[in-house]
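Bear in mind that the values in this text are calculations on the coordinates, not laboratory data. This is a predicted model, so every value here is computed, not measured. Counting neighbours? That spans all protein chains shown, and the Cβs are built from the backbone with ideal geometry, glycine included.
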């Protein structure tokens with residue numbers, strides 16, 4: 001009887017060991033080692049490994065493996081990435097996590113309005129985290145650095161695998177306060193710091209987007225294009241202005257400083273700016289507004305002065321807010337790649353990438369009635 005009890009006990013212990021090993025492997029760890037029972041994480045293949053071997057960027061690898069439809073990539077590039085991923089044994093299946101110690105990615109944002117298109121970045125970041133069995137927590141720290149540092153201090157006590165420092169406005173920032181504040185990996189979303197080249201960043205290409213819009217208006221026949229922009233201290237405003245200027249130069253069109261109107265992003269100011277443009281002896285034949293909100297004031301002024309869009313004036317906005325499709329006529333605009341950027345930021349942290357990645361993505365031009373003279 002005692003011998004039978006002993007064999008049952010040994011069997012139970014062996015079963016527990018097998019279960020523990022199986023669970024450890026599901027979590028992505030090697031089984032207990034002989035040197036003190038420590039658990040070591042497996043050497044897993046990252047997107048950065050695939051990028052190095054395929055000769056492409058980490059962002060390209062992410063777009064291919066997630067079958068993104070928003071960015072155009074050649075079939076040859078897609079096949080090369082997939083082939084390399086298979087050769088290296090990359091596994092896209094989500095890992096399992098213990099319910100009571102779920103991995104977490106924290107997103108700290110300086111401020112946010114409910115109508116802001118940057119909401120798309122947060123939504124996609126949340127969905128990407130969910131697909132990988134990771135919890136995304138969002139904190140609005142109101143541009144209070146001390147509060148942000150306190151939040152990060154709290155996160156160190158949890159199973160936080162990464163922190164996203166985000167801004168609703170594309171901007172240059174001083175991140176020196178965050179440089180040595182934690183051992184948790186940090187990335188920047190929609191902001192960057194030239195003084196911190198080793199801190200990864202994910203931002204939209206304001207220069208390239210503005211170039212796209214201006215070139216489109218030129219291709220539609222515009223020769224004298226006005227630009228209603230935002231505050232000059234903002235990096236987003238400067239980049240959009242630079243893209244506009246270079247598109248004019250490439251097309252051989254003269255840059256006229258009198259066609260540039262700076263605002264504080266209120267459509268009441270764009271109304272005033274448009275009215276001033278219409279009073280010029282040589283009126284513009286197209287207007288590029290640096291945001292869709294600015295375009296609202298532009299529409300109002302043009303309507304008041306009997307100027308029809310697009311017959312008398314071509315018009316384009318920027319950031320493709322939901323209202324752009326509902327305006328009459330519908331507004332041509334640029335859809336910012338916030339969804340892609342939010343997803344890339346989460347994947348970078350989840351995959352434990354270690355390269356100083358700086359991703360800049362151009363958006364997609366949405367051509368609508370406001371820039372089509374043919375209807």
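Straightening the chain between residue 224 and residue 358 buys 44.7 nm, computed as 0.36 nm per residue apart minus the Cα-Cα spacing.
Extension gain, residue 233 to residue 180, is 16.3 nm, computed as 0.36 nm per intervening residue step minus the present C-alpha separation. Each of 156, 104 was scored by other Cβ atoms within 10 Å of its Cβ. Listed from fewest to most, they are 156, 104. One decimal place: the segment residue 52-residue 159 gains 35.6 nm when fully extended, by the rule 0.36 nm per residue minus the C-alpha distance.
Counting other Cβ atoms within 10 Å as a rough exposure proxy, the listed residues 149, 344, 277 run 149, 277, 344 from fewest neighbours to most.
For the pair residue 264 and residue 44, label points projected 7 Å from Cα toward Cβ lie 4.9 nm apart. Summarising the label geometry, the points placed 7 Å from Cα in the beta-carbon direction at residue 130 and residue 242 lie 3.8 nm from one another. For 219, 257, the sequence from fewest to most other C-beta atoms within 10 Å is 257, 219.
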